[in-house]
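Below is one structure, written out as structure tokens, with a few remarks after it.
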Amino acid sequence: MESLSNCPLCNSGQLAVFLECTDYTVSKSKFKITECGACGFRFTNPRPEESKAGEYYKSDDYISHSNTAKGIINTIYQRVRRITLKKKRQLIITASGKNSGSLLDLGCGTGEFADECARNGWQVKGIEPSANAREFAKKQYGLDVYDTGAWSALPDRTFDVVTAWHVLEHVYDLKGTLNHISRLLKQDGMLVIALPNCSSADAQFYKEFWAAYDVPRHIWHFTPAHVKTLFEKNGFTLQSVLPMPFDAYYISMLSEKYKGGNVNYGRALVHGYFSNRAAKKTGNTCSSQIYILKPVK
Ligand SMILES: [Zn+2]
């Protein structure tokens with residue numbers, strides 16, 4: 001394990017324990033989340049060394065790497081994903097103003113979104129650290145998927161769009177990653193990311209059971225304000241923020257499971273609904289959100 005003694009966002013050394021969460025998916029171990037006293041940014045601390053992080057992804061339940069439809073929550077996830085894949089592609093078209101172009105999907109997992117785009121006229125490449133997920137994406141969909149290290153070999157200003165759906169909360173070197181993305185995007189290129197939002201109503205309700213803390217796989221726990229700060233410090237401007245209303249239901253269901261062992265679907269639906277309603281009232285505080293960003297070039 002390794003500890004950070006300064007906030008990675010503002011460098012303050014004023015850190016305090018915010019919450020202690022359990023890894024319900026793989027290790028069943030407890031991990032602390034630290035909150036910065038100066039800027040409020042939260043992160044898993046201490047955390048596994050990057051070289052050991054792979055150990056915490058070894059589970060059939062780790063959905064985006066396994067692509068199996070096992071259990072009710074998994075089945076719902078797979079069904080909803082089919083709808084959301086199309087919606088995500090439409091969002092790319094609307095935001096970029098392009099019907100096709102070159103797209104890099106960062107952390108593409110088993111390749112479903114990359115495939116959705118490739119089948120609809122986009123030139124797609126993927127980056128994925130998990131060898132199993134990479135092989136699946138190559139075999140199943142014939143995609144061009146590289147290991148994380150390989151992207152430094154991709155030429156400058158190659159892509160119209162870079163996407164990272166629920167990826168950056170897993171990435172150790174945020175600054176280095178944003179530099180890579182910036183280099184790879186064309187001058188008028190666009191970055192689209194999705195992240196959980198730990199200031200959402202469902203996060204506040206479920207506290208240490210909130211499934212999107214997902215320690216220690218999630219090492220950063222963003223709020224919309226911290227996303228804005230991080231990207232502005234690294235040469236991007238935030239264009240818009242969009243809610244992901246399905247996530248509130250999915251995360252509430254998982255959180256119910258973590259809280260009580262058996263899932264109370266009724267209560268999960270109620271909390272998903274209330275979280276989305278609160279998000280609408282207060283503006284962009286949904287369980288998970290999409291951020292559309294442009295590099296400053
Ligand atoms: Zn800070």
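Taking every residue in the stretch 157-173 that is farther than 22 Å from Ile33 by Cα and pairing it with any residue that is in a loop (DSSP other than H, G, I, E, B) and among the charged types (D, E, K, R), at least 6 positions away or on another chain, the pairs with Cβ-Cβ distances below 9 Å are Arg157/Lys297; Asp160/Lys98; Val161/Lys98.
Pairs linking a residue in the stretch 3-17 that is more than 10 Å from the ligand (Cβ to nearest atom) to a residue that is small (Gly, Ala, Ser), with Cβ atoms under 8 Å and 6 or more positions apart or on different chains, are Ser5/Gly13; Ala16/Gly37.
When we screen Leu85, Leu104 for residues that are surrounded by fewer than 20 Cβ atoms within 10 Å (Cβ to Cβ), out of contact with any Gly (no Cβ under 7 Å at 6 or more places or on another chain) and either closer than 23 Å to Trp151 by Cα or at pLDDT below 95 (or both), the only hit is Leu85. Checking each residue in the stretch 274-297 for being of a type outside the set (D, E, K, R) and free of Cβ contacts under 8 Å to residues at least 24 places away in the same chain picks out Thr282, Gly283. For the stretch 1-35, the candidate set comprises residues that are more than 27 Å from Leu254 (Cα to Cα) and under 21 Å from the mean Cα position of the chain (by Cα); within that set, the residue that is surrounded by the most Cβ atoms within 10 Å (Cβ to Cβ) is Cys7.
Considering the stretch 17-28 alone, what residues qualify as being farther than 18 Å from Ala203 by Cβ and in contact with a Ser or Thr (Cβ under 7 Å, 6 or more places away or on another chain)? Once the filter is applied, which keeps residues that are farther than 18 Å from Ala203 by Cβ and in contact with a Ser or Thr (Cβ under 7 Å, 6 or more places away or on another chain), the stretch 17-28 yields Val26, Lys28. In the stretch 30-55, the qualifying residues are those that are hydrophobic (A, V, I, L, M, F, W, C) and over 23 Å from Ala225 (Cα atoms), and the one that is farthest from the ligand (Cβ to nearest atom) is Ala53. For the stretch 145-171, residues that are surrounded by 16 or more Cβ atoms within 10 Å (Cβ to Cβ) and either among the acidic types (Asp, Glu) or part of a loop (DSSP other than H, G, I, E, B) (or both) total 6.
The values are calculated or read from the model by the stated rules, or taken from the named source; none is laboratory data. It should be emphasised that the depicted structure is a prediction, and the values quoted were computed from it without experimental measurement. FYI the Cβ positions are ideal-geometry reconstructions off the backbone, even for glycines, and counts take in every protein chain you see.
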